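A.B. asks: Below are the structure tokens for one structure; questions will follow.
The values are calculated or read from the model by the stated rules, or taken from the named source; none is laboratory data. Bear in mind the structure is a predicted one, so any value in this text is a computation, not a measurement. Counting neighbours? That spans all protein chains shown, and the Cβs are built from the backbone with ideal geometry, glycine included. For accessibility, only protein heavy atoms count, side chains too; no ligands or nucleic acids. Shrake-Rupley method; radii C 1.70, N 1.55, O 1.52, S 1.80 Å.
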Amino acid sequence: MQTAGRHPSPIAAAVGVVEPGANTAGKKPPGRKDSDTMAASSASQSQGSQKPIRYPFWFGGSASSLAACVTHPLDLGMLGVRLQTRTGDMPKTMSGTFVHIVKHGGVRGLYNGLSASLLRQLTYSTTRFGIYEELKQRYDAAQQDKQHHHGATTTKKQQPSLGALIAMASASGFVGGIAGNAADVLNVRMQHDASLPAAQRRNYAHAVDGLARMVREEGLASVFRGVWPNSLRAAAMTASQLASYDVFKRTLIRNTPMDDNLATHFVSSFLAGVVAATVTSPIDVIKTRVMSASGKSSIPRLLGEIYAAEGLRWMFKGWVPSFLRLGPQTICTFLFLESHRKIYRDIKGIEEK
């Protein structure tokens, strides 16, 4: 009796019973999912639910402090401040200023005010980097929740727009400027001391001594001197530095053969330094004049005095030394920051996404 091509009875087909001799080649039992499909679905869900890496809050402050140790001799306080506030027979060029510092203070003079610079990075940079990264994490989480709410099946991560990054960076920088204002006042004063006549120098021993003397001699309000222009400058700096770095980095990775490596980090941070120097140069001039002043002077009055004496040239006075400081500092900061992140991933055994 030939049964090879026999069709199952209607009753057997209904209950899913395969009759003896029935040809089942290429057929799947009813009600059973393909294992490959289940595996792919599971992998897709795992990929979609994978959370971004959350790095420690202090990474930005640590990276900025290391960068300050490297670039302090080129800091705006060592060269740019003097070009913006020079008096009398002070040198009128960057190279002349550099020679003047070494001649009168030796090599150690290049590191005057380093303690205040480190205190500034530990307060200002820790705050602005930490808040900025936290806001980006929350943005990513909000985008994922939005996709899940609308039933989106794509697992592609939606990157924040340039406008969103600028808004997050500006808010982070503004708060960071308030947190680091006292250290910033000390930083400007300690680095500016060498350019003053001996009778006018404050001669702070270090950042803690300077902070204590400021409060004791000038009152608590002295630590908030220039806090609003300083905070606005910090907002502009963070927006032009952090947001532009993220945009340059992802643009290079997406549109060029470059990968997420040292070369990409270097190019991105260099371009971010150019943007930051251009945006903040006019603000730096105002901030330095306000913080180095002994008496009270309103910003509108100060702007009027500067314009009357120098015209519109004041806006980019000292741009070259500002870039020569901000460029290396920005590069070093982000290279140290990316190194922090890589070491963290290696220690935690986290694969780079």
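A.B. asks: Report, by residue number, each residue of the range 282-328 that is of a type in the set (Ser, Thr, Tyr) and either at pLDDT 75 or above or in contact with a Pro (Cβ under 9 Å, 6 or more places away or on another chain) (or both).
C.D. replies: Once the filter is applied, which keeps residues that are of a type in the set (Ser, Thr, Tyr) and either at pLDDT 75 or above or in contact with a Pro (Cβ under 9 Å, 6 or more places away or on another chain) (or both), the range 282-328 yields Tyr307, Ser322.
A.B. asks: Within the range 192-208, restricting attention to residues that are under 31 Å from the mean Cα position of the chain (by Cα) and exposed (fewer than 14 other Cβ atoms within 10 Å of the Cβ), which residue is modelled with the lowest pLDDT?
C.D. replies: Ala205
A.B. asks: Given the conditions (1) within 24 Å of Ala272 (Cα to Cα); (2) at pLDDT below 90; (3) open to solvent by less than 40 Å² (accessible area, probe 1.4 Å), report the number of the one that Tyr132 does not fulfil.
C.D. replies: Failed condition: (2).
A.B. asks: Hey, any hits in the range 169-191 for a residue that's free of Cβ contacts under 8 Å to residues at least 12 places away in the same chain, surrounded by fewer than 24 Cβ atoms within 10 Å (Cβ to Cβ) and either under 21 Å from Pro52 (Cα atoms) or of a type in the set (D, E, K, R) (or both)?
C.D. replies: no
A.B. asks: Spot the failing condition for Ile53; the list is (1) at pLDDT below 75; (2) over 26 Å from Ile178 (Cα atoms), and only one is missed.
C.D. replies: It fails just one condition, (1).
A.B. asks: Next question. Tell me the helices (runs of 4 or more DSSP H) entirely within the range 219-314 that contain at least 2 residues that are open to solvent by 50 Å² or more (accessible area, probe 1.4 Å), touching a residue at least 40 places away in the same chain (Cβ under 8 Å) and out of contact with any strand residue (DSSP E or B) (no Cβ under 7 Å at 6 or more places or on another chain).
C.D. replies: 262-292
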